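Okay, so here's the structure we're looking at.
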Amino acid sequence: MVAVVAFCVSGMFLLFLVPDRTREQAEAVPVPAAPLAVATSDAELGRGSYGPLGGAGGPPRRFARHLPVERDGATHYIAVDSVLAVHANAHYTYLFDGTSKLFCPLPISDVEARLDTTRFLRVHRSHIVNIERVVRLRRAGDSGVVELDGAAPYPVPVSRSRVGWLKSRIGAPPDDIARQAS
């Protein structure tokens, strides 16, 4: 008797979990079909466009030109071109501009999303560097350290999983990982 009651209760419970398809179909509003048009240009055919037929899925990604920094109780903006490195500290970041570290209220994931990935690389879970400003990459045990070109020397740790990847991006030969800034 207990098994039959448990079976019935379980069955009723499972029936309540099944979504009601008739309500979903009743709530769906039919969309009127758009009139057909004849495509004549490449843009209308999807070639060279950013639409679904063009394959890009949207307009080209736009990168930030400035990043916010807080100093003296006010928000200022620093040009991305002057940023050498980004260092995460909890939910905030510090931007290094070659002479000083500036407090940025954004998390490193937001800063990374705003930067051009051809110029800025995440070399560690908490560090992003401007590869155009890398002077030298040297080994430090299993991992590495990047030295950046600035008024003050600024070393940045590189995780061991990204040392080889970084060497290939900065164009360093496999046997010699030092590079002179141009």
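Read-outs: derived from the displayed coordinates by stated rules, not from any lab. This is a predicted model, so every value here is computed, not measured. Note that we place each Cβ from the backbone using ideal geometry, even for glycine, and neighbour counts take in every protein chain shown.
If the chain linking R139 and M1 were pulled fully straight, counting 0.36 nm for each residue of separation and taking away their Cα-Cα distance, it would gain 42.4 nm.
The three principal axes of the Cα atoms in the range 91-136 give end-to-end lengths of 28, 23, 17 Å, sorted in falling order.
Packing around the peptides 74-82, 121-129, taken as the average count of other Cβ atoms within 10 Å per residue, puts them in this order, highest first: 121-129, 74-82.
Given their separation in residues at 0.36 nm each and the Cα-Cα distance between them, R125 and F63 gain 20.2 nm when the chain is fully extended. Taking Cβ atoms as reference points and 13 Å as the exclusive limit, the residues near L102 contribute a net charge of -1, counting Lys and Arg as +1 and Asp and Glu as -1.
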